[in-house]
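So the structure is just underneath, and the comments pick up after that.
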Amino acid sequence: MSGGANFERDFRVILGIRFFTGQPDEAVQLGLRGGLVVAPAAPLLSMLARDAATREALLASNLALTDSGLMVLLWNLLKFDHTRRVSGYEYLMLLLQEPELRKPGALFWIMPDRTAQEMAASWLVRAGFTVDEADFYLAPHYGSGPISDPALLGLLNARGSAHIVIAIGGGVQERLGYYLKKNLAYFPGIHCTGAAIGFLSGNQVHIPKWADRWMLGWLFRCISAPRKFIPRYWRALELVPLMCKYRERLPG
């Protein structure tokens, strides 16, 4: 994992995945070096035992963030530890403050739909970024299993953007990021931060910094769209027996 030798004290192996547990700004410095950055939430982690493609993608990451508050709470209870949570939301906010991402063509976004793209573009302009239509790609429906997208691959190889932010759903974005890492002709930073840009742009419910810090983002999302998010987070409770059984070991 990139930078591991310099931050060895700041990693924990949880469910077979090597998670970074240092300061958020240190995580950003590691992410700027390139490679695949993931921030798996509890619903995704609960699938580790039965989803081989997701498991492979997470294991191949260069930097895994402890975004799941449920995972961190369970780990600290089970291991009498004081592991820190580093959320994908906070990571993206800090990442976007880096001057190198403001260079023309340096930043490329993979978005789930046109509305999300337009709202993200508006927010980026207000935040001082120079934004072009060519900075965005609308992801097709990839389905389950390993991903292949030669059109995206060709576009990125021709463009050479130093940083790619994948803002599509958890479980898909990690597999897409893994595909890009394996097949791109260069080594960019591939940041799988899902809905985080939507929290900033207004495309998703606004989550205050204090709520993210106290691991209450799930509650805000459930209140905003209960039919969508309550079933998702209910299924995430599968993570509880998984953590109790496997702890450091990789499920499946």
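FYI, it's all coordinate maths here, none of it is from the lab. Computed from a prediction, not measured in an experiment: that's the story for all the values here. In this analysis, Cβ positions are derived from the backbone assuming ideal geometry, glycine residues included, and neighbour counts consider all displayed protein chains.
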Helical mean residue ellipticity (222 nm; -39500 (n - 2.57) per DSSP H run of 4+; nearest 500) of the chain
-12000 deg cm²/dmol
Rounding to the nearest 10 and keeping the result within 0 to 90°, find how far the Cα-based axis of helix 114-126 lies from the longest principal axis of the chain.
80 degrees
Measuring from its Cα centre, the range 1-104 shows a charge dipole (+1 at each Lys and Arg Cβ, -1 at each Asp and Glu Cβ) which, in debye to the nearest 20, is 160 debye
Using the Kirkwood radius over C-alpha pairs as Rh, can you work out the diffusion coefficient of the chain via Stokes-Einstein at 25 °C, viscosity 0.890 mPa s, in µm² per second?
134 µm²/s
Which of Ile147, Leu77, Ala195, positive extreme of dipole for the chain (C-beta unit charges)
Leu77
What ³J(HN,Hα) values, in whole Hz, does the Karplus curve 6.51 cos²θ - 1.76 cosθ + 1.60 give for the range 107-112 when θ = phi - 60°, with x put for Gly and Pro?
10, 10, 10, 10, 10, x
Can you tell me which of Gly105, Gly171, Gly31 moves the most in a GNM of the chain? Springs connect C-alpha atoms under 10 Å apart.
Gly105
So, in nm, how far is label Ala185 from label Ala134 when the simple model puts each one 7 Å beyond its Cα toward the Cβ?
1.6 nm
How high is the relative contact order of the chain, given as a whole-number percent (alpha carbon pairs under 8 Å, six or more residues apart)?
27 percent
Of Ser46, Ser122, Ser61, which has the largest mean-square fluctuation in a 10 Å C-alpha GNM of the chain?
Ser122
Straight-line reach only, C-alpha to C-alpha below 26 angstrom: list the lysines that Lys182 could link to, leaving out same-chain residues fewer than 8 apart.
Lys103
Going by C-beta contacts inside 10 Å, put His141, His191, His163 in order with the fewest on the left.
His141, His163, His191
DSSP beta bridges in the range 4-246, what fraction antiparallel, as a percent rounded to 5?
20 percent
For Ile147, Ile223, Ile190, Ile14, ascending order of other Cβ atoms within 10 Å (fewest first) is Ile223, Ile147, Ile14, Ile190
Could you tell me the distance between the Cα centroids of the range 149-178 and the range 57-97, to the nearest Å?
22 Å
